[in-house]
1. Within the set of pairs 6+ apart or on separate chains, which have a first residue in the stretch 51-64 that is modelled with pLDDT under 95, a second that is exposed (fewer than 14 other Cβ atoms within 10 Å of the Cβ), and C-beta atoms under 7 Å apart?
2. Would you check which residues across the stretch 46-88 are farther than 17 Å from Leu19 by Cα and surrounded by 17 or more Cβ atoms within 10 Å (Cβ to Cβ) and list them?
3. Whether any residue in the stretch 2-24 is more than 12 Å from the chain's Cα centre (by Cα), surrounded by fewer than 20 Cβ atoms within 10 Å (Cβ to Cβ) and at positive phi is what I want to check.
4. Could you list, in sequence order, all residues of the stretch 25-45 that are at pLDDT 95 or above and either buried (at least 16 other Cβ atoms within 10 Å of the Cβ) or in contact with a His (Cβ under 7 Å, 6 or more places away or on another chain) (or both)?
Amino acid sequence: MAVVAAQVSVGTAAVRLSLDSDSGGTSVLVQAPAGATLFVGGPAVTAAVGFPVAAGSTLAVDLPNVADELWGVLASGSGVAAVLRVGA
């Protein structure tokens, strides 16, 4: 089982939080930047429709299929999300 940690820059344009190499059975843990709510969802995520992850909070998401992707965006400004990927 591979474990990959990364710091991902996030701003007002959606950015992919899962890796191109993520395969089915991967879990992604995301910690929102301090001082900013991170909104997560698919590639078209926005602050208006994304699932909110409060500043400094952590969310765990399972990606059971190879085609599954997790994206994130901030309502304004920029920050760094901590991402831990665990899986195949």
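The values are calculated or read from the model by the stated rules, or taken from the named source; none is laboratory data. As the structure is a prediction and not an experimental result, all values here were calculated from the model. Cβ sites come from the backbone with ideal geometry, for glycine too, and all protein chains shown count toward neighbours.
1. Pro64/Gly24
2. Of the stretch 46-88, the ones farther than 17 Å from Leu19 by Cα are 46-58, 74-79.
Matches in the stretch 46-88: Gly50, Val53, Leu74, Gly79.
3. no
4. Val30, Gln31, Ala32, Pro33, Ala36, Thr37, Leu38, Phe39, Val40, Gly41, Val45
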